[in-house]
Structures are given as structure tokens and as C-alpha cells.
Amino acid sequence: MAKPKVRKGMPSVAISKAEFVRRTRERFYDPAFDPLQDEIGKIIEAAWNGYHEYRKAPYTKRAGPRYADPDYELSMDWLKSRDAIVRAGRRQKAPTAKSRILLINGSSRSDQSCPGEISKTFRLAEIAKRVIERERGFETELLDLSLLASQYGRQILPCKACVSTAQPLCHWPCSCYPNHALGQVNDWMAEIYPMWVAAHGVMILTPVNWYQAPTGLKAMMDRLVCADGGNADPTSTSGKDPQKAKDLEMKGWDYPRHLAGRVFSVVVHGDAAGTETLRRILTDWLKDIGMIPAGHAAELDRYVGYYEPYATSHEALDHDRAFHDETRNAARALVQAVKLMRRGQLAQPDARLREIRAK
């Protein structure tokens, strides 16, 4: 096969200084900023310089001997994220550590923002949390993705699909962000990666939004692509050099599965359509990254208030006691699977088979 070359051809995304200033000033629309126009002008001028000179990572540090290119200047932001993941991994592997379940509320709805009402998903997560925390030696961590829509500064920036250029260009953890030159900062994934790494089990609870995962949940899923085959050494590709990444992949890539071996449970609910489809999408994705299903009871999709008014959906959930109990069973199944996994007794008949198509 001929050596693959990097393809180019899309139009420039550079913007003029005038457009840069216009977009940046939109952040200071509130009249409270009116007395500060001189100061804001100076801040915008400094920000323009960072954009024009493309200072993606203003603070860097020499990589050192553990990396392929010891002299490469690694982003301090990336090193901080890497260190958090390493610490989380050590804790997860410690024999004396409590078993940790990561509970994920996939709903964007919150009584702290425009909907004005708690989500049914959050209520189900609380049901599961109580079951898990009654187990001796277990603890939970709640990842509430509704904060993306209700809390200042919370965001998950979009995946840039580096892996589609070449797998080694997708770094673990993601090195696309923060990008200070483009103002792409406050990326929550820097905190979310260690949550997944520290977990022995993951339980995703989510509604269906238009036949698919809610926006925040899908954004997190996309950004977790680096957990499945991601390159833990950005110096091997000189940061984001696509040709070096292609060459490295063609030499042979081992596709490390950074979250493999953890167990999972999924609870999906809807009101009219799509629950089975989304449940399958989530379970297929989790198995594809090397995680282990906790059993039939741990893979659940149900309708709440099927084709009934949205206004009475919480009352419908109140009355559906069977769904409450099924959610408890999904949590119990996950607990039992974690216990077996940590004792080395969770049967995986295909565990020693060589994967024919690694990606």
C-alpha cells in the first residue's frame, strides 16, 4: 500500500481582527461592563495577539525521558489532566480501595434552569444511588450532565475526530483542549476522564431525546473516543502532526483500551419512541470500548407515561413502581458484577482471544 498522505482542501477559518473584536465584545454585552470599556479593549487586544500568534498552549514543559521525544514541549494543561488520570487509575487498582460506581445522569433537564422541574432521570439516579450506597464497601460518584445547561462555565467541547485522520493523533487524555488561542477553555472532560478511570462500574441513566442520546451525553461519548485506542504519548506525533500520526499507525498500532474491564449498567426511559434503540446504542458502545455488561437486568429500557401529557410525567413515574424496582435491580446487578470483577471471578469467555479487527 502506498504511504497515505494528509489531504487538504477546506477553506481558511481565520477571521479578521474586526470580526474577532466583534465576537469577543459579545461577552461583555451587559451594561455593567460599560464603565470598563478601556480595560476590556486592552483585554481584547491581548486576546487577539494570542489568537493571531496561535498560542494554543501558553505554558509548556519539556516532556522528559518517559516520552518518545524527551525534548518536546508538552502543554502544562495536558500534563495536569494526565496526572489526574494516573492518580485515578492507581486508586481504581488499589486492592483496599472502596468499589466505586460512577452514576451518570444523562438528562439536560433541571429545576435549576429553564424547565423549572427536576428530571425523571435524576430521580432514577437517586434511586440507584441509595441501593448502591447501602452496600458495604461501595461508594458512588454522580456525574450530573444537566450542569452543562444550568451551571456557569460548564461545557463539553466537541470532538474534532482526530482519530479519523489516524488513531495515534487521538491522544489520551484529549490534547485538543484547552486551546487558549481560540478561547476554547473550561472543558469539563478534563475532570470527567478521571471519573471514568477511577470507577469499577458505570451506570448510565438517560432519557431519549428525538430518538437519540441527549446532547451532553452524546458529547461526552464522542470525547471518550480517546479512551479506546488513544495515544498516551503526544510527543510521538509532535503534538498534532497528522503525517507523523499516519506513519505511526501504518507501522502498527496496538489500540490500547484505557477503560477495558470495568462493568456497566444502562437504564433508558422515554415517553413515545426510541428507548430500545438508544439502549442498544449505549450498550454496544460500552462493549465496544472493552467494558463488560452486568447482565440482562442491568440493560433496561422503559416508557414512562406512554403518549400521555408531559405535564403529568412525574405522576406517571410515581405510579410506575415496577420501573423503580427494575432500576434498583439494574443497580444491584452492577454491584454484584463489580464484586465478581474485583475478585477475579467475572467470567469472560472471550477474554484471551486475539481481536481480529482492532478498530
Under 7 Å by Cβ, and 6 or more places apart or on different chains, what pairs join a residue from the stretch 336-349 that is under 13 Å from I101 (Cα atoms) with one that is part of a loop (DSSP other than H, G, I, E, B) and of a type in the set (A, V, I, L, M)?
-> A337/A294; A337/L346
Quick one: in the stretch 190-212, of everything that is under 13 Å from the mean Cα position of the chain (by Cα) and of a type in the set (A, V, I, L, M, F, W, C), which residue is surrounded by the most Cβ atoms within 10 Å (Cβ to Cβ)?
-> I204
Of all residues in the stretch 247-295 being of a type in the set (D, E, K, R), assigned to a helix (DSSP H, G or I) and out of contact with any helix residue (DSSP H, G or I) (no Cβ under 8 Å at 6 or more places or on another chain), the one that is nearest to S108 (Cα to Cα) = R279
Do we have S265 as touching a residue at least 40 places away in the same chain (Cβ under 8 Å) and surrounded by 21 or more Cβ atoms within 10 Å (Cβ to Cβ) here?
-> yes
Regarding P178, is this residue of a type outside the set (G, A, S), farther than 25 Å from R262 by Cβ and buried (at least 20 other Cβ atoms within 10 Å of the Cβ)?
-> yes
From the list E191, E135, which one is in a helix (DSSP H, G or I) and either in contact with a His (Cβ under 6 Å, 6 or more places away or on another chain) or among the acidic types (D, E) (or both)?
-> E191
Condition met for A260 (surrounded by fewer than 16 Cβ atoms within 10 Å (Cβ to Cβ) and in contact with a Phe, Trp or Tyr (Cβ under 7 Å, 6 or more places away or on another chain)) = no
Give just the number: which of (1) buried (at least 17 other Cβ atoms within 10 Å of the Cβ); (2) closer than 23 Å to W172 by Cβ; (3) without any contact (Cβ under 8 Å) to a residue 24 or more places away in the chain does T237 not satisfy?
-> (3)
Odd one out for P70 among (1) surrounded by 13 or more Cβ atoms within 10 Å (Cβ to Cβ); (2) more than 27 Å from the chain's Cα centre (by Cα); (3) touching a residue at least 12 places away in the same chain (Cβ under 8 Å) | (1)
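This table checks each residue for (1) of a type outside the set (S, T, Y); (2) within 17 Å of R262 (Cβ to Cβ).
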| residue | (1), (2) |
| --- | --- |
| R91 | yes, yes |
| A94 | yes, yes |
| R100 | yes, yes |
| G106 | yes, no |
| S110 | no, no |
| C114 | yes, no |
| S119 | no, no |
| R130 | yes, no |
| R136 | yes, no |
Residues in the stretch 194-216 that are touching a Ser or Thr at 6+ places or on another chain (Cβ under 7 Å), under 24 Å from S99 (Cα atoms) and in a helix (DSSP H, G or I): how many?
-> 0
Residue ID - surrounded by the fewest Cβ atoms within 10 Å (Cβ to Cβ), chosen from residues in the stretch 75-100 that are without any contact (Cβ under 8 Å) to a residue 40 or more places away in the chain and more than 25 Å from E133 (Cα to Cα) = D83
Only one of (1) in a strand (DSSP E or B); (2) within 22 Å of A330 (Cα to Cα); (3) touching a Ser or Thr at 6+ places or on another chain (Cβ under 8 Å) fails for L142. Which number is that?
-> (3)
Across the stretch 307-325, what is the number of residues that are without any contact (Cβ under 8 Å) to a residue 40 or more places away in the chain and either more than 20 Å from G274 (Cα to Cα) or assigned to a helix (DSSP H, G or I) (or both)?
-> 10
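Each reported figure results from applying straightforward, stated rules to the coordinates on display, with no laboratory input. Since the structure is predicted, the reported quantities are computational estimates derived from the model, not experimental observations. Reconstructed Cβ throughout: ideal geometry from the backbone, glycine too, with neighbour counts over all protein chains shown.
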